[in-house]
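K.L.:
What follows is a single structure, and I will ask about it in a moment.
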Amino acid sequence: MTYKQEKIKPYGEEGEKGRQVEHMFDRIAHSYDLLNHCLSLGIDKRWRRAAINSLRPYAPKKMLDVATGTGDFALLAARTLGPESLLGVDISEGMLEVGRKKILQAGLADVVSFRREDCMALSLPDGEYDALTVAYGIRNFQDLDRGLSEMYRVLRPGGRLVIIELTAPRRFPMRQLFWLYSHVLMPLVGRLVSRDSKAYSYLPATMEAFPQGEVMREILQKAGFREVEFRRFTFGLSTLYTACR
């Protein structure tokens, strides 16, 4: 099945979405963390902590962070959960380079490692991981069903899936306020800081198009996941999904 956000590309119709997304994140890697925290007013840090804390009861030893970006979520997970190993994978080498510097500065190179991988075709063994996380990256997948299938494959039976994703509020007045914020302020600030005129128009467009709530729960169940639950944060600006393989 094709979902709306899969048709949205950063730089127009020509070329695969995956290649365009890789190029976009390579271009904005230098300013990505700053803009993330500024544009969310720092609230994203609370959302990330809630997502990681949902894994505390399961004490995962071997973790995989998909679409890891610059590694903020992977680092927080390593510090909070204390896994034996955590691999972060991403399609953008530019983002991973930023993440590798953070790992060295944090003194966690013996636990956390990064590797360039296409999330649509992971070069990882079946049933390898106790927990798999995706923080604010799944809406950029070229093929959502295929990406979820790969996640299901590399999780061990009984392993836990955690997805936290930005979503567009649906209720008045937050829906209208978010529209102004995401269509006026976000592209303006993003363009000035990142020097990419397209990226911060593309990102809110995928937020609005991405399936959320009950619809996303059904998609996860179709991919084979069990015990699928979701929780909305801050008037629906972010949604946490948890599931079991």
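The values are calculated or read from the model by the stated rules, or taken from the named source; none is laboratory data. None of these values were measured; they are calculated from a predicted model. FYI the Cβ positions are ideal-geometry reconstructions off the backbone, even for glycines, and counts take in every protein chain you see. Note: accessible area is taken over every heavy atom of the protein model, side chains too, but ligands, DNA and RNA are not part of it. Shrake-Rupley method; radii C 1.70, N 1.55, O 1.52, S 1.80 Å.
K.L.:
Counting only residues that are in a loop (DSSP other than H, G, I, E, B) and more than 17 Å from L144 (Cβ to Cβ), how many does region 223-244 have?
P.N.:
Qualifying residue count for the region: 1.
K.L.:
Which one of these is of a type in the set (S, T, N, Q) and in contact with a Ser or Thr (Cβ under 8 Å, 6 or more places away or on another chain): S149, S113, S92, S123?
P.N.:
S113
K.L.:
A further question follows. From the set of residues in region 128-151 that are among the aromatic types (F, W, Y) and in contact with a Leu (Cβ under 8 Å, 6 or more places away or on another chain), which is nearest to L64 (Cα to Cα)?
P.N.:
Y129
K.L.:
Would you mind finding the one in V154, V184, V134 that is among the β-branched types (V, I, T) and open to solvent by 20 Å² or more (accessible area, probe 1.4 Å)?
P.N.:
Being among the β-branched types (V, I, T) and open to solvent by 20 Å² or more (accessible area, probe 1.4 Å) holds for just one of V154, V184, V134, which is V184.
K.L.:
Provide a single number: the residues in region 91-116 that are touching a residue at least 40 places away in the same chain (Cβ under 8 Å) and among the acidic types (D, E).
P.N.:
Total meeting the criteria: 2.
K.L.:
Shifting gears a bit: Residues in region 210-222: is at least one open to solvent by less than 80 Å² (accessible area, probe 1.4 Å), under 30 Å from Y129 (Cβ atoms) and assigned to a strand (DSSP E or B)?
P.N.:
No, region 210-222 has no match at all.
K.L.:
Working only within region 5-26, note down all residues that are closer than 20 Å to E208 by Cβ, open to solvent by 30 Å² or more (accessible area, probe 1.4 Å) and assigned to a loop (DSSP other than H, G, I, E, B).
P.N.:
I8, K9, Y11, G12, E13
K.L.:
Looking at R171, R160, R139, which one is open to solvent by 50 Å² or more (accessible area, probe 1.4 Å) and among the charged types (D, E, K, R)?
P.N.:
R171
K.L.:
Of the conditions (1) of a type outside the set (F, W, Y); (2) buried (at least 20 other Cβ atoms within 10 Å of the Cβ); (3) modelled with pLDDT of 95 or more, K101 fails just one. Which one is it?
P.N.:
(2)
K.L.:
Would you tally the residues in region 148-180 being among the basic types (K, R) and in contact with a Cys (Cβ under 9 Å, 6 or more places away or on another chain)?
P.N.:
1
K.L.:
Of everything in region 196-206, what is touching a residue at least 60 places away in the same chain (Cβ under 8 Å) and either hydroxyl-bearing (S, T, Y) or open to solvent by 10 Å² or more (accessible area, probe 1.4 Å) (or both)? Give them in sequence order.
P.N.:
Hits for region 196-206 are K198, Y200, Y202, A205, T206.
K.L.:
Further question: Of all helices (runs of 4 or more DSSP H) completely enclosed by region 130-207, which ones contain at least 2 residues that are farther than 20 Å from G18 by Cβ and either at pLDDT 95 or above or not hydrophobic (A, V, I, L, M, F, W, C) (or both)?
P.N.:
So the answer is 174-180, 186-194.
K.L.:
Now for a different question. Being under 16 Å from the mean Cα position of the chain (by Cα) and outside any strand (DSSP E or B): is that true of D110 here?
P.N.:
When the stated conditions are applied, D110 does not pass them.
Matching residues to (1) surrounded by 21 or more Cβ atoms within 10 Å (Cβ to Cβ); (2) of a type in the set (G, A, S); (3) in contact with a Gly (Cβ under 7 Å, 6 or more places away or on another chain); (4) at pLDDT below 95:
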position	(1), (2), (3), (4)
D44	yes, no, no, yes
A59	no, yes, no, no
L86	yes, no, no, no
Q105	no, no, no, no
A109	no, yes, no, no
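K.L.:
Further question: Looking at A78, A74, A50, A29 in this structure, which one is surrounded by fewer than 17 Cβ atoms within 10 Å (Cβ to Cβ) and of a type outside the set (D, E, K, R)?
P.N.:
The unique qualifying residue is A50.
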